[in-house]
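Presented below is the structure to which this report refers.
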Amino acid sequence: MTEFSFSSKNKLTLKEFEIVNTSNYDFSGHFADPHKQENELKVEIVKIEDDGMFLEFDMIGYDPSVANAVRRLLLSDVPTMAIEKVHIYQNTSIMQDEVLAHRMGLIPLKADPRLFKWKEEGTEDEGTEDDTLQFSLQVRCKHNPDKSSGDPYLDNKVFTKHLKWIPKGSQKDKLINPGPVEDDILINKLRPGHEMDMKLFAVKGVGRDHAKFSPVATAFYRLHPEIRINRDVFDESAIRLVKCFTPGVMQLEPTEDGRKKAKVLDARNDMCSRNVFRHEDLKDAVTLEKRKDHFIFNVESTGAIKSTELVPMAIDVLLEKCELYINEIDSQSKE
């Protein structure tokens, strides 16, 4: 029978061959004071790197459904700009037209989607200045006349820096370089005589339509681990215990009598490998747990919008969906 401890209902326990206490019991009316739980809801920023492109934050006290909703909205419902239509006038490279067009669509753009409208279906590929960005790519590989340069070819590698933005209307006044997020993304390789000539049109879209519109490279969460030492572990056993965990999770602490004692340093970094169960004499030394209402979120942007802005945008989409659902219920109840 699966073990369950009501006193630790907000934690799951990692055993050698199973994970117990996994069910979520935080349904309506379960707590005597539901407002107490609402007051304990927290969002804490832990780490911001790469000028806001990488974000690590904690969601504390929330139901798993809320955390998962934020994750899925980041992946599929926060809009971005991406190349949708490609007009190829010349392509004599070894890459097929359809593969090249697909590759162009996956190039992340710096354009802010909040400055554009949704493109209507059935309209021309060229679009308007309010809903479309236009780029051109014209590259031809040639022999290098300078034999001493060490590179026998010119323009034999096509990078995103070769993409040229063609402003429409007043876009030049409103936008600042909405092109690729990086200039050194390799698009294709050419040889003398190979040529690429095309026009590209980027529109606003969401990840549920195509992955190229997803604004994040990664968006995931994990439960906050907790490690509890049940008994003191010294010397050689302590060294083996420390090695069972991710570096930085546990450390050796010197005692007054000159021995080495295992101590938990930072359980947050543990990847929960459960290697400790490989040692018969250490199985009972620690208890491995995870908090079911403490989510460690990691969000890495593709470069178009900072992660510090993507998360609030995802929450805004969630609020819109909730409002739409509530309005629908109200309208049905009035009928």
The stretch 35-99: Rg/Rh from Cα coordinates, Kirkwood Rh?
1.28
Heavy-atom accessible area ranking, 1.4 Å probe, most first, across Asp209, Asp77
Asp209, Asp77
Given (1) 76, 75, 37; (2) 65, 49, 38; (3) 97, 45, 37 as possible values of Cα extents along the principal axes in Å, the one from the coordinates is (1)
With the chain treated as a Gaussian network of Cα nodes joined by springs under 10 Å, which of Met81, Met271, Met104 yields the largest mean-square fluctuation?
Met271
Based on the Cβ-Cβ distance of Glu236 and Leu154, what FRET efficiency does E = 1/(1 + (r/R0)^6) give at R0 = 56 Å, to the nearest 0.05?
0.30
The whole-number value in µm²/s of the Stokes-Einstein translational diffusion coefficient for the stretch 221-335, with Rh from the Kirkwood sum over alpha carbon pairs at 4 °C and 1.567 mPa s, is 72 µm²/s
What full-extension length gain, to one decimal in nm, is calculated for Gln251 and Glu121 as 0.36 nm per residue of separation minus the Cα-Cα distance?
40.8 nm
Most packed first (mean Cβ within 10 Å per residue), the peptides 135-141, 228-234 order as 135-141, 228-234
With a 1.4 Å probe and every protein chain kept in, tell me what percent of the accessible surface of the chain is carbon plus sulfur.
50 percent
Whole-Hz Karplus couplings 3J(HN,Hα) for the stretch 158-173, θ = phi - 60° and coefficients 6.51, -1.76, 1.60, Gly and Pro as x, run 9, 10, 5, 5, 7, 6, 10, 7, 10, x, 10, x, 9, 4, 5, 7
When N counts the residues of the stretch 137-262, how does its alpha-carbon radius of gyration compare numerically with 2.2 N^0.38 Å, as a ratio?
2.07
Too long for a 28 Å Cα-Cα cut-off, among Lys110/Lys199; Lys172/Lys204; Lys119/Lys142; Lys9/Lys260; Lys47/Lys161, are Lys119/Lys142; Lys9/Lys260; Lys47/Lys161
To the nearest 0.05, the calculated FRET efficiency linking Ile326 and Lys42 through their beta-carbon distance, R0 being 22 Å, is 0.30
Show me the ranking of peptides 303-312, 183-192 by mean Cβ neighbours inside 10 Å, starting with the highest.
303-312, 183-192
Hey, can you grab everything whose amide H is under 5 Å from the amide H of Lys292? Only 5+ residues off in sequence or another chain; H modelled, so Pro and N-termini drop out.
Lys11, Leu12
Placing +1 at every Lys and Arg Cβ and -1 at every Asp and Glu Cβ, with all other atoms neutral, what dipole size does the stretch 183-223 have around its Cα centre, in debye to the nearest 20?
240 debye
For the stretch 231-243, in residue order, the Karplus 3J(HN,Hα) values (coefficients 6.51, -1.76, 1.60; θ = phi - 60°; whole Hz; Gly and Pro = x) are 8, 5, 10, 10, 6, 4, 5, 5, 5, 5, 5, 4, 6
With a 1.4 Å probe and all protein chains left in place, how much accessible area per residue does the chain have, in Å²?
58 Å²
Using modelled amide H (1.01 Å from N, peptide plane; none on Pro or chain starts), what sits under 5 Å from the amide H of Phe220, excluding residues fewer than 5 places away?
Asn298
GNM of the chain, Cα pairs under 10 angstrom: of Glu320, Glu226, Glu129, the biggest fluctuation goes to Glu320
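The values are calculated or read from the model by the stated rules, or taken from the named source; none is laboratory data. A quick note: this is a predicted structure, and the numbers were derived from the prediction, not measured. Neighbour counts run over all protein chains shown; Cβ positions are idealised from the backbone, glycine included. We work out accessible area using only protein heavy atoms, side chains counted, and drop any ligands, DNA or RNA first. Shrake-Rupley method; radii C 1.70, N 1.55, O 1.52, S 1.80 Å.
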